[in-house]
Amino acid sequence: MTIERKFIDNAVIKLKISRYLEKELQRAGFSRVDIQKTPVLTRIAVHVLNPGKVIGRGGSTIDRLTETIRTKFKVDNPQINVTEVENKMLEPMLVARDLAERLERGLNARKIIQGALRIIIENGALGAEIIISGKLAAKGARAKMIKKSVGYIPKAGNVMELVREAEAVAYPKYGAIGVKVRIVPPGTVFPDREIRKIEVPKAILNA
């Protein structure tokens, strides 16, 4: 029971750290964070579009973040490493935020989903799924969901850990809209199947 409790606590702490960094580093183009605990230290790898904004002048920003994680979340010897995002179209968080901004500008939900899926696959992803749910029309309309996917996206089992996933929320005038993005990055190897060719529907190819 003690081991299970510790496992749960570690997962909760990781989630809290991830949400904290997402909020603090939004202007730096925060994408995701990988946390690995070792007997000596806790490695925190932050993936962002602009590493300079994470480090700060003379390392002031990264020092502040490190100290907050150490004291607020009770993490022993945290070490933050900053990695620049190579391709933002393979990062679910960045894609979800971009879609949310487009929805707030009143663009057609179905068209922006199809366009995003096409670009994601063109950039080498083995699979992608986008779900948009909420009030997608003018005031008074019922909430609905649009869900589209391309390629292979596992839905159950340990292989789901190989899928990157993120969510964002758009706030247009007529109500909140949730955006969820799942991406299987290039080079992902699944133990139960080999992905050779991705069939892309014509509607998405022409988006």
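Some points to look at:
- Added length on full extension, which subtracts the Cα-Cα distance from 0.36 nm per residue, Glu22 to Asp192: 57.9 nm
- Largest mean-square fluctuation among Ala143, Ala100, Ala168, in a Gaussian network model of the chain whose springs join Cα atoms under 10 Å apart, belongs to Ala143.
- Cα-based shape type of the range 50-207, given that a ≥ b ≥ c are square roots of the gyration tensor eigenvalues and the cut on a/c is 1.5: oblate
- Within the range 2-84, antiparallel bridges make up roughly 50 percent of the DSSP beta bridges whose residues both belong there.
- Calculated FRET value between Gln36 and Ala176, using beta carbons and R₀ = 25 Å, to 0.05: 0.15
- One Cα centroid belongs to the range 78-129, the other to the range 130-199; the line between them spans 10 Å.
- Sites Val169 and Asn108, calculated FRET efficiency, Cβ-Cβ separation with R0 25 Å, nearest 0.05: 0.85
- Axial C-alpha extent at least 24 Å, average Kyte-Doolittle at least -0.5 - helices from the chain (DSSP): 2-24
- In the chain, the DSSP-assigned H stretches of four residues or longer account for a calculated mean residue ellipticity at 222 nm of -11000 deg cm²/dmol, using -39500 (n - 2.57) per stretch and the full residue count as denominator.
- Volume of the Cα convex hull of the range 2-84, divided per residue and given in Å³: 84 Å³
- The label point for Phe73 and the one for Asn10, both projected 7 Å from the Cα toward the Cβ, are 1.4 nm apart.
Only the coordinates and a few stated rules stand behind these numbers; no lab work does. None of these values were measured; they are calculated from a predicted model. Virtual Cβ from ideal backbone geometry, glycine too; neighbours counted across all protein chains shown.
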